[in-house]
Amino acid sequence: MSRQFCPPPVRAVAIAVGLACLINGCATPVASNAPRAESKSDAAAAYTRLGKAYLAEDNLPRAQQALEHALTLDARDAEALEGLALLYQRQREFDLAARFFERALAAAPDATRIRNNYAALLYQRERYAQACQQLTLASRDITYTKRAQLFANLGQCQDMTGDAQAAQASYRRALDIDPRNARSLLALARIDHTQGNNERAWERLQRYFTVAGTSPESLRLASDIASAQGDSARAAFYRQQLGGS
């Protein structure tokens, strides 16, 4: 998902530059009356922002240095703990990543984004039941702006555990919140087709095409639905589209 770039405030840039100098060993002298962070937690938050900026640039050594320094200032900074969890996940140090996610959630149990990211790690490690548990907890946060995505994630997780009924309910809940949630439309179309409800599957698939266009998975499903409905010409058309996609 693309986001409009908003330049950071001048003060935030100055803080980031100053912190970068501290980390990089800049030799610029500091005046005795230079502004100081209001508290250790403020300084920790500034180092955390810097660490996550490095993480976004894939500069993992600098990110680790900044995030670890944030934790020396505030050992319960949930954002810094999450930053290190994401860093270790990227380095495929999955046990370490899990421990840092758990520490982050112990520090901030209501941090829905962190819980969703922890669930993604559990899913990556094929620990589907635990991932579903975390997503179920996260989905209770009615203020979370990406709640439809949470329910789509939960449906996908429940699919992997073999609980088709629960998965359907989660995908439908995602569509209640956001009727244009493409992943849920496609998943429900696939489930409907599997259950023999091809008219409803086709209707959902058309909505998916309107929202998201075509994809190899959706074209295969379109061909399968057409074949199930006895429309060999339409099935061949989608197979041809699939070959050119």
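Inter-label distance, A75 to A212: 4.5 nm, where each label sits 7 Å from its Cα along the C-beta direction. In this calculation the C-beta distance from A169 to D42 is compared with R0 = 35 Å, giving a FRET efficiency of 0.20.
The mean sequence separation of alpha-carbon pairs under 8 Å and at least six residues apart, normalised by the residue count of segment 179-245, gives a relative contact order of 27 percent.
With the simple spin-label model, which puts each label point 7 Å out from Cα in the Cβ direction, the T143 to L96 separation comes to 3.4 nm. Here the label points at D110 and Q130, each 7 Å from Cα along the C-beta direction, are separated by 2.7 nm in the simple model.
Here the residues T214, T48, T145, ranked from fewest to most Cβ neighbours within 10 Å of their Cβ, fall in the order T145, T214, T48.
Coupling constants for segment 79-93 follow from the phi torsions by the Karplus curve (6.51 cos²θ - 1.76 cosθ + 1.60, θ = phi - 60°), and in residue order they are 5, 5, 4, 5, x, 5, 4, 5, 4, 5, 4, 5, 7, 6, 8 Hz; glycine and proline get x.
For segment 130-225, the relative contact order works out to 19 percent when only alpha carbon pairs closer than 8 Å and six or more residues apart are counted.
No value in this document is a laboratory result; all are computed from the given coordinates. No experiment lies behind these values; they were computed from the predicted model shown. Cβ sites come from the backbone with ideal geometry, for glycine too, and all protein chains shown count toward neighbours.
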